[in-house]
Amino acid sequence: MNIYLFELKSQLKSFLIWTASLIAVYLVFMTGMFDVLMESKDAFEKAVAGFPPAFSAAFGLHLDKLFTFGGFYAFVFTYIALVGAIMAVSLSVAVFSREKRSKCGDFLLTKPVGRGTVYLSKLLAVLTLLAAANVLFILVSAISCSGSAAAGTELGRVVWAAAALFFTQLVFMGVGIAYAVFAGKVRAVSGVATAFGFGGFILSALRRLLEKEAVRFIAPLDYFSTAAVFETGGYEAKYAVTAAAVTVICLMLSYIRFTGSDAPAL
């Protein structure tokens, strides 16, 4: 419990900044731009029509869907998920590489606490922070959409679309923990988190450019499609299963490594 509370306290400032950033990005796009976009539809269509097709595809600008709430939400979610992915990796790497970065791993592991308990306490701390951020994000999403041009959108679908952020973050959490545990040295948490986040964004852009669904299996930002939520009311099972498998495998491997590896004596 002491480890759990310590990690929560140590990451509180980072949690607040990231959560505020997520909500700000959402509000700027969904409440500040959606209604304006609908009012200037013709002008926007003319502007986007001049863009190269590859550029529009890479950034998710599909005019046939963009002027619906679900289509615009799917476009915006790409960037919300990018911020969320960086957040998840940042918190995970910060928590699980703390002793490695400060070179005090041997000190922690000589305490009367099993390695499995240490791992689970750190994991629970990260999960708590991500869950808290997403509760706030879902609440803001549900409240804000009722006052916009999307007032007629089914609330349940808005909630499920917003919840896609949490499930996406779980995947990046697993990857971030695995990196922190297996990496020999972790010098800059922010650099690692940004690399993983933009790596996921590039894979998503590549999938849209190639228009091959097979690429989606290696594009974690696309595992939970908000467009599918608004169209069908749920996620696509095969990609949700892939996301779960990636997360579980990363956590299992990192647990085995964390509890079984030798700690350097300093």
Which distance in nm do the two modelled labels at Val135 and Arg115 give, with both placed 7 Å along the Cα-to-Cβ direction?
3.4 nm
Other residues with Cβ under 11 Å from the Cβ of Val229 give, with Lys and Arg +1 and Asp and Glu -1, a net charge of -2
Difference of contour (0.36 nm per residue) and Cα-Cα distance, Ala195 to Tyr79
40.3 nm
Gain on full stretching of the segment that runs from Phe67 to Lys13 - 0.36 nm per residue minus C-alpha separation
15.7 nm
Dipole of segment 154-266, Cα-centred, from +1 at each Lys and Arg C-beta and -1 at each Asp and Glu C-beta, to the nearest 20 debye?
320 debye
Based on the Cβ-Cβ distance of Glu211 and Arg101, what FRET efficiency does E = 1/(1 + (r/R0)^6) give at R0 = 35 Å, to the nearest 0.05?
0.25
Summed over the other residues with a beta carbon less than 14 angstrom from that of Val126, with K and R at +1 and D and E at -1, the charge totals +2
Taking the simple approach of a point 7 Å from Cα along Cα-to-Cβ for both Ala245 and Arg187, what is their distance in nm?
3.6 nm
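Read the figures in this text as sums done on the coordinates, not as results from a lab. On a predicted model such as this, the values are computed, not experimentally measured, just so you know. Here Cβ is always computed from backbone atoms with ideal geometry, including for glycine, and neighbour counts include all displayed protein chains.
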